[in-house]
Amino acid sequence: MREKVVKLKYLFLLLSFSLIILLSLSSCRAKKSEKEAAGGEVISSDEIASASGQENPAAEGETFPDEENNTSDGETLTSDGEAFFDGQEGLLAEDLENLDDFIESLEQGNLQPHQSEEEEEKELTLVSKKGELSLNALSDEALFPQHTEDYTVLVFANKKKIVRKFYDKNSRIIKKEDWKISDISNTKLLKTEFYEYQENSFSLKNKIIIENQTKSYYAYTDKLLLSSEKKYALYTEKDREKEALLFECFYEYDDKNRLTLEESREYDYAADSYKKLSKVFEKKYVYKYSFEEDIPADFEYYENKVLKVKKLCTKEKGTYTNYIYFDDDYCVSVFYKNGRIVKEIYSKGNKVIRENYYE
């Protein structure tokens, strides 16, 4: 039993210390307690935000900016996930601080280790007297749940990464973090996701993804259809965090939830500044459903408001015509029957230049 306790103590120390390292990433004040001799530390949320190079989500509300380079205006993310992130780092530090009490409870039989018959030497599971999972370790992987009155955090860790998922009291995921672990002193937050839901519902309303110095916003209809998406570059100017719009796209649907419009814009900037917009490239897809559901929609594709491709269908399945438009009024018309090309017409304006027929 004592050997198992020593093994458990090592696993729990490794997991807890890794989580604290992930959130601190800098030297912090030592906590005056029994842990001081063992090197235990308590990390404040301000120190964590400073060390990680990212804003503390509990310090400022996430926003949906209405225009580029604007981080102060816009709709505030109102999910329960924003407010209760305060103190989450302290919760991890508290777990590490109370490790001796945890191990003592194990030795006294308050927490019982259970080993899998199939993986007797590799898998270790801890449960409380109430039957709640406290820790599951399998070889180089560990699952560690944390519970508070308002939310639950599930932590998955292995030698290469740590994933933290935050759930509200209605069991809805509201935040997800992906961390990369190179070694105990070299960790990096790769990706953070935030989720907001329709009022009194499990239906997703908004989602934010932060990764690779970009922030993406996704909005959904009450039917869970993507209605818009925006992607911003994150950069710093005069010690202020700013956002520059890189991409935006809007979607429309008919009463049968079929896509009718997809309109997007890509923004390019000068190499030396996000304030200098060099080019905007627009694309638009228009769909029109004229026949039965097994007949594809008529289709038009535009680039910078110029028609480039058009597809017209007939009531006969597999019989349709594609029109491809080029500069100087050139056009190629391709006719299909039963899914096979039967004719091509090359023209300039109203003048036919060449015709090809296929059997």
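The values are calculated or read from the model by the stated rules, or taken from the named source; none is laboratory data. For clarity, every value in this text was computed on a predicted model and none was experimentally measured. A quick note on method: Cβ atoms are made from the backbone with ideal geometry, for glycine too, and the neighbour counts reach across all protein chains shown. Accessible surface is based on the protein model in full, side chains and every heavy atom, while ligands, DNA and RNA are left aside. Shrake-Rupley method; radii C 1.70, N 1.55, O 1.52, S 1.80 Å.
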Legend entry - One residue from L245, L224 being among the hydrophobic types (A, V, I, L, M, F, W, C) and over 18 Å from F194 (Cβ atoms): L245
Inset, instruction - Consider only pairs whose beta carbons are under 6 Å apart and that are at least six residues apart or on different chains; among these, list those whose first residue lies in the stretch 289-302 and is β-branched (V, I, T) and whose second residue is outside any loop (DSSP other than H, G, I, E, B). - result: I295/C313
Legend entry - Residue satisfying condition, being of a type outside the set (S, T, N, Q), within 19 Å of T214 (Cβ to Cβ) and in contact with a Leu (Cβ under 6 Å, 6 or more places away or on another chain), within set Y253, Y267, Y274, Y325: Y267
Legend entry - Number of the condition not met by K283 [criteria: (1) at pLDDT below 95; (2) closer than 20 Å to L225 by Cβ; (3) surrounded by 12 or more Cβ atoms within 10 Å (Cβ to Cβ)]: (1)
Inset, instruction - Return the residue satisfying two criteria in turn: it lies in the stretch 149-163 and is touching a residue at least 40 places away in the same chain (Cβ under 8 Å) and surrounded by 15 or more Cβ atoms within 10 Å (Cβ to Cβ), and of such residues it is farthest from L189 (Cα to Cα). - result: Y151
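Residue-by-condition table, conditions (1) of a type outside the set (F, W, Y); (2) farther than 22 Å from C249 by Cα; (3) open to solvent by 80 Å² or more (accessible area, probe 1.4 Å); (4) part of a strand (DSSP E or B):
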position	(1), (2), (3), (4)
F299	no, no, no, yes
Y302	no, no, no, yes
L307	yes, no, no, yes
K315	yes, yes, yes, no
I324	yes, yes, no, yes
D328	yes, yes, yes, no
I345	yes, yes, no, yes
Legend entry - Among residues of the stretch 241-286, those that are in contact (Cβ under 8 Å) with a residue 40 or more places away in the chain and of a type in the set (K, R), counted: 2
Inset, instruction - Give the residues of the stretch 222-243 that are outside any strand (DSSP E or B) and either modelled with pLDDT of 95 or more or of a type in the set (A, V, I, L, M) (or both), sorted by residue number. - result: L224, L225
Inset, instruction - Considering every residue within the stretch 190-207, establish whether at least one is assigned to a strand (DSSP E or B), hydroxyl-bearing (S, T, Y), under 26 Å from K161 (Cβ atoms) and in contact with a helix residue (DSSP H, G or I) (Cβ under 9 Å, 6 or more places away or on another chain). - result: yes
Legend entry - For I210: the one exception among (1) over 23 Å from Y274 (Cα atoms); (2) crowded, with 16+ Cβ neighbours inside 10 Å; (3) not hydroxyl-bearing (S, T, Y): (1)
Inset, instruction - Please work out if K180 is in a loop (DSSP other than H, G, I, E, B) and at pLDDT below 95. - result: no
Legend entry - Only one of S333, S264 that is open to solvent by less than 60 Å² (accessible area, probe 1.4 Å), more than 38 Å from the chain's Cα centre (by Cα), modelled with pLDDT of 95 or more and of a type outside the set (V, I, T): S333
Inset, instruction - Among what's in the stretch 164-191 and is of a type in the set (S, T, Y) and within 29 Å of Q213 (Cα to Cα), pick the residue that is most open to solvent (accessible area, probe 1.4 Å). - result: S185
